[in-house]
Amino acid sequence: MILHRRKVSSFTSMQIAAAGDRALLITLSGASSARLRAAAERARDIAGVVAAIVGHESIYVIGTNDRAAVQRAVDQASESNAGSQVKHRINVSFHDDYALDLSEFLARVDVTREHFLQRLPSIRLSVRYLGFRAGFAYLDGWPAEWAMPRRATSRNRVPGGSFGIAAAMAGFYPVDSPGGWNILGRTDAPLWDPTREPPNLFAPGDEIEIVPTLNVEPPLRRFEPAESRLYVGDPIAEIITPGQLTTIVGPPDWSRLEHGLPPGGPFDEEAAAIANVAVGNPPGAPLLECVLVGPKIRTERRLAFCDADLNIRDTNDIGRIHGMRGYLAIEGGIDEMRLRYAEAPTVVKKGDTLWSAAVPGGAMDRRGRRSSTEPLTVHIMRGPHDAPPLPEEWEVTPQMNRVGIRLRPLKPIDVKLPADLPSLGAQFGTLQWHADGTLMALGPDHPVTGGYLQPATVISSERWKLAQLAPGDHIKLIAV
């Protein structure tokens, strides 16, 4: 639902729309990359704001619904305050082994390979924003006459370092990942290194010159994680059996969004907080998130397990969980055992040692008990996009993890949905409506940006219900 629209001289128009109960989407049609970055920097200074995600022509501000404050931030933003630019010269090999779609591209745009390679060094690409995967930079400046639609079918694996295009955007894949862009070459540049600060080579506003490397196989460099690392705390527990899927999750780290990474955090924030407080930890201390079957551990410290109904028990052998997810807290907290810029939480294995996070004690008011039948109704707020009304009844599919949960409509949908929109930010609880009619309810490890219709957002107090959904469940989405 669009809440505010006005004309602004430096871009075509501004629209402000609610994105749930604690976020706003500001669309700045025609704005330059520098103006978007400057507006995002201003927005991050607003009280309560934890993140401002730059999209293709928008800013997604998380932590406030104060439209007036956001409008002032945008009005006061100046391109001169958009930050410094770094210029990069990036060697790219167009060897046939790497240029998977180059022949098709050349035929489509009707240019020779020689002309293509000669012109490339004169093209100046600039980083518009980060998203999709860790450190993935969306690049402006690709010639319009060389535009090419993304592939009809995505590849299951695109090698890290690959250079690709989709429509008039270009980009480098920093790490191995699925992808549907047309792959024209590959670089050996260290695009992403989670041990580095910052981990991403490219930042919004940077300028990139491509230097063709003809028929030479570059020595591709890959990050190899260290076999061990030093822990600040003490060893506090041993994993006897890991359960079905047990991960170590800490509080959301909003700074990760600036590098194209999700903030993370527990899927069921309330259950995690209650487990922590039961052992004297602060509500956001790192702990174990358990799916379906919990672990058996050996420890001499206090522990507490909280299930979907907020029942607390102090056992070291969890077994079958009541609900989809539960949380096991250990006194002192658990070291997350991962690099700050790792893409996903650490999955514990049999024989692993858990280390203390050395967190201080904390307290919170315990909320009322919940019923495991509650997840059958999930309350949402319409927007940020104007969209056809969502059907109420949906079925949970087996396609689910911490990234998101795919929902299938119980009745056929007779509406035409856009297949591709300008990429925009997202948050835990965003509902993305895909062209095939399914909904993706995003979890705490969601993609930072995406070009999908966002018809509604789960209200923040009910995101825990997403954590407790199981395949085959039927739910109702009720707008408030």
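None of the figures in this text is laboratory data; all of them are computed from the coordinates on show. Just so it is clear, the structure is predicted and the values come from calculations on it, not from any experiment. Every residue, glycine as well, gets a Cβ built from its backbone with ideal geometry; the counts of neighbours run over all protein chains shown.
So how tilted is helix 67-76 from the main axis of the chain? Cα-based, degrees 0 to 90, rounded to 10. With both axes taken from Cα atoms, the answer is about 40 degrees. Using the Cβ-Cβ distance between ALA358 and ASP140 with R0 set to 45 Å, the FRET efficiency works out to roughly 0.50. Reducing region 90-131 and region 296-366 to their Cα centroids gives an inter-centroid distance of 48 Å. Using the Cβ-Cβ distance between ASP314 and ARG340 with R0 set to 45 Å, the FRET efficiency from 1/(1 + (r/R0)^6) comes to roughly 0.90. Ordering 91-100, 57-66 by mean Cβ neighbour count within 10 Å, with the highest value first, yields 57-66, 91-100.
With a simple spin-label model that places each label point 7 Å from the Cα along the Cα-to-Cβ direction, the separation between ARG302 and ARG155 comes to 5.4 nm. The Cα atoms of region 165-217 give a gyration tensor whose axes a ≥ b ≥ c have a/c under 1.5, which makes the shape rounded. With a Förster radius of 45 Å applied to the C-beta separation of VAL293 and ASP110, the computed FRET efficiency comes to 0.20. Annotation: lysines with alpha-carbon distance below 18 angstrom to LYS296 (same-chain offsets under eight excluded): LYS349, LYS350. Take the Cα of ALA147, step 7 Å toward its Cβ, do the same at LYS411, and the gap between the two points is 3.8 nm. With a simple spin-label model that places each label point 7 Å from the Cα along the Cα-to-Cβ direction, the separation between LYS349 and ILE478 comes to 4.6 nm. Were the residues from ILE459 through VAL211 laid out at 0.36 nm apart, the gain over their Cα-Cα distance would be 84.5 nm. Loop-resident GluC sites (Glu not before Pro) (DSSP state other than H, G, I, E or B) in region 269-319 with no more than 12 further Cβ atoms inside 10 Å of their Cβ: GLU300.
Taking a ≥ b ≥ c as the square roots of the eigenvalues of the Cα gyration tensor of region 374-479, is the shape rounded (a/c under 1.5), prolate (a/b larger than b/c) or oblate? In terms of gyration-tensor shape, rounded.
When both bridge partners sit in the chain, DSSP labels roughly 90% of those beta bridges antiparallel. Distance between the C-alpha centers of region 440-456 and region 133-148? Whole Å please. Value for the Cα centre distance between the two parts: 21 Å.
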